[in-house]
């Protein structure tokens, strides 16, 4: 029983914040604030953080994925979270987040180095209570240990590659470790997400409406080490230009 009583780093939030935005939402905001203080990703004069929902969910293991999505989407809808997309790959829809501190009546983000007495508000007062956010699990995809990584891009968007294949084929391949391994192996070989998009586009043109070949529009065929480069080299020049225009939004 003793193991259930503060034997691991606690998640703490201010009751007044929970009253203002909701308990789940307050937990999310506190965690996002923690990472924003440590983020090196500066775009348009603001610090941003990014992560996929499955990776965010690892930081909130007591919630189901849908509960986390509701909390984050609710904060976005109410204006507490501002979102953007600074991903290099045009089809990568991973959201970047920052907090609208003015919405919380905060003059500026507080610095959280160790236990604090709560965030500073516009009138210069401090809210009672303490936070131990410096002890939260550091599982974000942010690069925080190296200050030279200020412009680091998000991790390779392998999930988006699978999602795009599903979109083009109408199939339902999942984000399994097997599919991740296939996509990441090609990335490690030096191929980009755009290369994979081109292969998907071209092979769909050739196979999608062919009964015998449509079955091969799957990760194990398209991203197989012995096949992928051949598929990519078969993409004609005009398809390359069309693919580039599509992904960059024209």
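Residues that are farther than 29 Å from residue 176 by Cβ, without any contact (Cβ under 8 Å) to a residue 24 or more places away in the chain and touching a helix residue (DSSP H, G or I) at 6+ places or on another chain (Cβ under 9 Å): does the range 66-78 have at least one?
The answer is no, given that none of the residues of the range 66-78 is farther than 29 Å from residue 176 by Cβ, without any contact (Cβ under 8 Å) to a residue 24 or more places away in the chain and touching a helix residue (DSSP H, G or I) at 6+ places or on another chain (Cβ under 9 Å).
Quick check on the range 38-51: of everything there that is under 26 Å from residue 64 (Cα atoms) and touching a helix residue (DSSP H, G or I) at 6+ places or on another chain (Cβ under 9 Å), which residue is surrounded by the most Cβ atoms within 10 Å (Cβ to Cβ)?
49
Test residue 122 against the stated conditions and say whether it is modelled with pLDDT under 50 and surrounded by 13 or more Cβ atoms within 10 Å (Cβ to Cβ).
No; evaluated as a whole, the condition is false for this residue.
Which residues, taken from the range 63-82, are in a loop (DSSP other than H, G, I, E, B) and buried (at least 17 other Cβ atoms within 10 Å of the Cβ)?
63, 80 - these are the residues of the range 63-82 that are in a loop (DSSP other than H, G, I, E, B) and buried (at least 17 other Cβ atoms within 10 Å of the Cβ).
Here are 206, 217: which of them is free of Cβ contacts under 8 Å to residues at least 60 places away in the same chain, in contact with a helix residue (DSSP H, G or I) (Cβ under 6 Å, 6 or more places away or on another chain) and on the phi < 0 side of the Ramachandran plot?
217
Under the condition of being touching a helix residue (DSSP H, G or I) at 6+ places or on another chain (Cβ under 8 Å) and free of Cβ contacts under 8 Å to residues at least 60 places away in the same chain, which residue from the range 162-177 is surrounded by the fewest Cβ atoms within 10 Å (Cβ to Cβ)?
It comes out as 172.
Just give me the residues in the range 217-250 being within 25 Å of the chain's Cα centre (by Cα), assigned to a loop (DSSP other than H, G, I, E, B) and either exposed (fewer than 11 other Cβ atoms within 10 Å of the Cβ) or at pLDDT 90 or above (or both), in sequence order.
218, 223, 249, 250, listed by residue number.
Based on this model, can you work out whether residue 182 counts as modelled with pLDDT of 90 or more and in contact with a helix residue (DSSP H, G or I) (Cβ under 8 Å, 6 or more places away or on another chain)?
In short, yes.
Tell me, please, whether a residue that is part of a loop (DSSP other than H, G, I, E, B) and assigned by TED's automatic domain parsing to the domain that holds residue 96 can be found in the range 15-23.
Within the range 15-23, one or more residues are part of a loop (DSSP other than H, G, I, E, B) and assigned by TED's automatic domain parsing to the domain that holds residue 96.
The values are calculated or read from the model by the stated rules, or taken from the named source; none is laboratory data. Predicted model, so just to flag it, every value in this text is computed and none were measured. Don't worry about glycine lacking a Cβ; one is built from the backbone with ideal geometry, like all the others, and counts go over all protein chains shown.
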